[in-house]
Amino acid sequence: MKIDLTETTSSKINQALVSARRAIGTPAIGMVLTLVIVTDEENAYDALKSAGDASREHPSRIIAVIKRVSRSPRARRDARLDAEVRVGSDAGTGETVVLRLHGELANHAQSVVLPLLLPDAPVVVWWPEDAPADAAKDPLGALAQRRITDGYSAERPLDELAVRAATYSPGDTDLSWTRITPWRSMLAAALDQQPAQVIGVTVEGESDNPSCELLAMWLADRLAVPVERTYSDGPGLTAVRMETKNGVIVLDRADGSLATLSMQGQPDRAVALKRRDTAELLAEELRRLDPDNTYESAVKFGVEKLHTGGEVKAAAAEKPAEGEQKAPAAKKAPAKKAAAK
């Protein structure tokens, strides 16, 4: 069921939600959280679809905040709120409210969202793109227990890591970190099977993929060994090589779907390691509402070491093709590998 409201208020939207639930015969819907999506018209469809798919695991009230750009001075003075209410089969397993904020109202989105939050339920804010530099101090981010950004969608994905480290607050996370969960699990399991001291690590992947950098940071933080960052054509992460005193452990994924785990003294094994879609990543992040201390430690450690030439070192990438962007110089040694301390 869909209800369109023009030039409305938060109070009228709440009344529409109650009326819609009664109309479809479900006066009470069990929802576990409120998910606020801050996006634009271009990305709203994909973001709402991903959130709707994730709501099958986490029934929630989804509030999409779309700030409409006003081009003329008169339009900027005209504060107006339009809304679309979706309940039932049109809203997954919860409720969806799409808010379009016009004029000056776009600068006060928190005043519109606050009355629509579920009482006594956690709040999660997700920026699919164009996240604020300090998510916790953003007016909408301040309402949430968890704040989800996506460094991969930034114009300069690797530089975004430094911003996330500098402005980190408990409850912050990034989908670039979520993407490497299967890699972290597989590498930890491999070391459990072959316990040995790791003396060096190489992480291979795309040059502008923050997930590759985060995995290198996490390994350097946890293992306290030099980590070399090398580049490939992708897709995403392609290989991790761990040198141990008992031999080499290699996790190689060349096609973005199926990986091969190679260990000394054991036959090679095929491992399902497909690249997950946004709905799966979002569902994983919604499973936990407490601060992710491991992410905090990795992103802060990595950014510091990458900028000071510490334990994490970057190998010089091959000369890119004409028109192809090089990896930022701050993230790698320009002519030779940075020596590990």
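The values are calculated or read from the model by the stated rules, or taken from the named source; none is laboratory data. Just so we're clear, the structure is a prediction, and the values are computed from it rather than from any experiment. Quick reminder, even Gly has a Cβ in these numbers, built from the backbone with ideal geometry, and neighbours come from all protein chains shown. What goes into the accessible areas is simple: the full protein's heavy atoms, side chains included, and nothing from ligands, DNA or RNA. Shrake-Rupley method; radii C 1.70, N 1.55, O 1.52, S 1.80 Å.
Check region 28-47 and report whether any residue there is modelled with pLDDT of 85 or more and in a loop (DSSP other than H, G, I, E, B).
yes
Answer with yes or no whether GLU160 is over 15 Å from the mean Cα position of the chain (by Cα) and open to solvent by 30 Å² or more (accessible area, probe 1.4 Å).
no
Sort out which residues of region 256-283 are of a type outside the set (Gly, Ala, Ser) and either closer than 16 Å to LYS49 by Cα or in contact with a His (Cβ under 6 Å, 6 or more places away or on another chain) (or both), and write them in order of number.
Of the residues in region 256-283, the ones of a type outside the set (Gly, Ala, Ser) are 258, 260-261, 263-264, 266-269, 271, 273-278, 280-282.
ARG276, ASP277, THR278, GLU280, LEU281, LEU282 - these are the residues of region 256-283 that are of a type outside the set (Gly, Ala, Ser) and either closer than 16 Å to LYS49 by Cα or in contact with a His (Cβ under 6 Å, 6 or more places away or on another chain) (or both).
Hey, does region 180-187 have a residue that's open to solvent by 40 Å² or more (accessible area, probe 1.4 Å), among the polar types (S, T, N, Q) and within 18 Å of TRP218 (Cβ to Cβ)?
Scanning region 180-187 turns up at least one residue that is open to solvent by 40 Å² or more (accessible area, probe 1.4 Å), among the polar types (S, T, N, Q) and within 18 Å of TRP218 (Cβ to Cβ).
Which of the residues that make up region 125-151 are out of contact with any Gly (no Cβ under 8 Å at 6 or more places or on another chain), of a type in the set (A, V, I, L, M) and surrounded by fewer than 23 Cβ atoms within 10 Å (Cβ to Cβ)?
The answer is ALA133, LEU140, ALA142, LEU143.
Here are the criteria: (1) outside any strand (DSSP E or B); (2) at pLDDT 95 or above. Tell me which single one ALA64 does not satisfy.
Only one criterion is unmet by ALA64, namely (1).
Can you pull out every residue in region 10-22 that is modelled with pLDDT of 90 or more and open to solvent by 60 Å² or more (accessible area, probe 1.4 Å)?
Those that are modelled with pLDDT of 90 or more and open to solvent by 60 Å² or more (accessible area, probe 1.4 Å): SER11, LYS12, GLN15.
Of all residues in region 202-250, count the ones that are within 16 Å of LEU273 (Cβ to Cβ) and hydroxyl-bearing (Ser, Thr, Tyr).
3
Hey, does region 226-242 have a residue that's of a type in the set (A, V, I, L, M, F, W, C), surrounded by fewer than 17 Cβ atoms within 10 Å (Cβ to Cβ) and under 16 Å from SER297 (Cβ atoms)?
There is no residue in region 226-242 that is of a type in the set (A, V, I, L, M, F, W, C), surrounded by fewer than 17 Cβ atoms within 10 Å (Cβ to Cβ) and under 16 Å from SER297 (Cβ atoms).
Can you tell me how many residues in region 129-170 are among the aromatic types (Phe, Trp, Tyr) and in contact (Cβ under 8 Å) with a residue 60 or more places away in the chain?
The total comes to 1.
May I ask you to list pairs of residues, at least six apart or on different chains, whose Cβ atoms are under 9 Å apart, with the first in region 265-290 being farther than 30 Å from ALA144 by Cβ and the second being open to solvent by 80 Å² or more (accessible area, probe 1.4 Å) and assigned to a loop (DSSP other than H, G, I, E, B)?
Final answer for the pair search is GLY265/ASN246.
Which residue pairs have Cβ atoms under 8 Å apart, sit 6 or more places apart or on different chains, and have a first residue in region 186-201 that is more than 13 Å from LEU251 (Cβ to Cβ) and a second that is among the small types (Gly, Ala, Ser) and not in a helix (DSSP H, G or I)?
Pairs that qualify, where the first residue is more than 13 Å from LEU251 (Cβ to Cβ) and the partner is among the small types (Gly, Ala, Ser) and not in a helix (DSSP H, G or I), are ALA196/GLY247.
Determine, yes or no, whether ASP221 is within 21 Å of GLU160 (Cα to Cα), at pLDDT below 90 and open to solvent by 30 Å² or more (accessible area, probe 1.4 Å).
no
Out of ASP90, ASP53, ASP4, which single residue is outside any helix (DSSP H, G or I), open to solvent by 40 Å² or more (accessible area, probe 1.4 Å), charged (D, E, K, R) and modelled with pLDDT under 95?
One residue alone meets the criteria, ASP4.
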